[in-house]
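First up is the structure itself, then whatever we jot down about it.
The values are calculated or read from the model by the stated rules, or taken from the named source; none is laboratory data. Since the structure is predicted, the reported quantities are computational estimates derived from the model, not experimental observations. Note that we place each Cβ from the backbone using ideal geometry, even for glycine, and neighbour counts take in every protein chain shown. Remember, those area values only see protein heavy atoms, side chains included, never the ligands or the DNA or RNA. Shrake-Rupley method; radii C 1.70, N 1.55, O 1.52, S 1.80 Å.
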Amino acid sequence: MGLRIIVVLAVLMGVTGSPTTTVRPETTSVDTAAHPNSIPETAEETGQNEVFSEEEAAEDVMATGELNPNHYPAQRAAKVVQHYLTTRYGSPYRLFGLHRVHSGNAEDVGDSGRKYQLEISVHEIISNTTQKCSAEVFFPHGQKQESPQVQASCEELLNISTKAQEEALYQQYKMNQTLLSAQNLPDSHGHIEPDVKPLWHLGIVASSFIMLKESSENTLYNMAQVANITQLETENEQLKFDCHTLLHDMVSQEILHWKLLFAWSPAEGVKVLQMEQLPHCQHCEKPPNTN
C-alpha cells in the first residue's frame with residue numbers, strides 16, 4: 001500500500017495507570033481553519049523543533065528493513081516512544097518531546113505484529129536537555145486493536161530530578177482555599193498564563209496516555225488543547241482533576257474530544273482513572289492547524 005502524506009513532526013506528552021475506557025466512535029473531520037480554543041503548537045510549549053514536509057511516494061507504510069527517518073513509518077513509531085516516556089515519567093515539571101529520528105528499522109514478527117527498532121533524540125522540554133535514545137516499538141496485529149508495546153533506554157533524561165518543584169506545587173494546590181480551574185490552554189494566540197502552566201502540563205501528561213493507547217500503524221497523534229481542567233475535591237493524598245482535551249490525528253486530520261478523570265501526587269505520579277471519547281460537537285467551532 002503506497003502512501004503520500006505530509007508528515008509534520010510536533011512534540012507533545014502522557015500518564016501512568018490502568019484506566020477504564022468508554023469510546024464513542026464519532027470524531028470531527030475538520031478543515032483546520034479558525035478556532036479560538038486551539039492554536040498552532042509552539043516549540044516553547046510543546047517541544048516542536050522541526051517541521052518536515054516530505055512526499056512519501058516511494059515508501060510503503062508497511063515497509064520492512066531500513067526506514068527513511070523523515071518519513072511517516074519511522075516518525076509514527078518514534079512518536080509512540082514520546083507518549084510512552086511521558087506516561088511513565090512525565091510530571092508538571094518533566095515533559096518529553098521527540099527531537100529527531102536518526103535511524104529506524106522495521107520487521108514483521110510472524111503474524112503477530114511488526115517491530116520497529118529506532119535511534120532517536122528525545123528532548124526533556126522544561127530542563128531543555130536532549131539525549132540520544134534507543135527504542136523498540138511493537139505494534140500487535142489482530143482483530144482487536146491493542147496498545148503498542150514500547151521499550152526505551154534514556155537513562156540520562158530520567159535522572160533529571162523535579163521532586164522539590166513537584167512537592168511545592170502539590171502543597172500549594174492542596175492548601176488552596178478555592179479549587180483550581182482553567183480553560184483554553186493555550187488560547188487562540190498561543191498564550192498561557194504562568195500560574196496555570198502546571199495545569200497545562202498535567203493535561204499533556206494525562207492526554208499522552210490516550211495517545212499511547214490509541215496509537216497504531218495508521219495514526220499520528222498530537223495534542224491540540226486542554227479545553228478545560230478543574231480540580232475536584234478529594235479525601236486522600238492524590239489530587240484529582242476533571243479534564244476535557246482536544247487531540248489532533250495528523251493522518252486523518254480529525255480533532256478528537258476526550259474527557260479524562262485523573263489523579264496526581266509527587267509520590268504516585270499521574271494516574272488516569274477514567275477516559276471517554278466524546279461525540280462530535282455540532283456547535284463547536286473548528287480548531288486551527290495544530291502543526
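Against the test of being acidic (Asp, Glu), surrounded by 17 or more Cβ atoms within 10 Å (Cβ to Cβ) and closer than 20 Å to residue 239 by Cβ, the options 166, 217, 193 yield a single qualifying residue, 166.
Scanning the range 139-159 for residues that are open to solvent by less than 40 Å² (accessible area, probe 1.4 Å) and either basic (Lys, Arg) or out of contact with any Cys (no Cβ under 9 Å at 6 or more places or on another chain) (or both) yields 139, 140, 148, 150. Based on this model, can you work out whether residue 112 counts as in contact (Cβ under 8 Å) with a residue 12 or more places away in the chain and open to solvent by 50 Å² or more (accessible area, probe 1.4 Å)? Taking the combined requirement at face value, the residue satisfies it.
All of 122, 81 fail the test of being modelled with pLDDT of 95 or more, out of contact with any His (no Cβ under 8 Å at 6 or more places or on another chain) and among the β-branched types (Val, Ile, Thr), apart from 81.
Kindly provide the set of residues from the range 90-116 that are part of a strand (DSSP E or B) and charged (D, E, K, R), ordered by number. Listed by number, the residues that qualify are 94, 100, 107, 108, 114, 115.
Applying the selection to the range 125-180, what residues are closer than 21 Å to residue 215 by Cα, assigned to a loop (DSSP other than H, G, I, E, B) and modelled with pLDDT of 95 or more? 148 - this is the single residue of the range 125-180 that is closer than 21 Å to residue 215 by Cα, assigned to a loop (DSSP other than H, G, I, E, B) and modelled with pLDDT of 95 or more. In the condition set (1) at pLDDT below 95; (2) buried (at least 20 other Cβ atoms within 10 Å of the Cβ), residue 227 is compliant with all but (1). Applying the criterion of being of a type in the set (S, T, N, Q) and within 15 Å of residue 247 (Cα to Cα) to the residues of the range 176-207, the residue that is farthest from the chain's Cα centre (by Cα) is 184.
Residue 200 meets each of the listed conditions (1) of a type in the set (A, V, I, L, M, F, W, C); (2) open to solvent by less than 30 Å² (accessible area, probe 1.4 Å); (3) modelled with pLDDT under 95 apart from (3).
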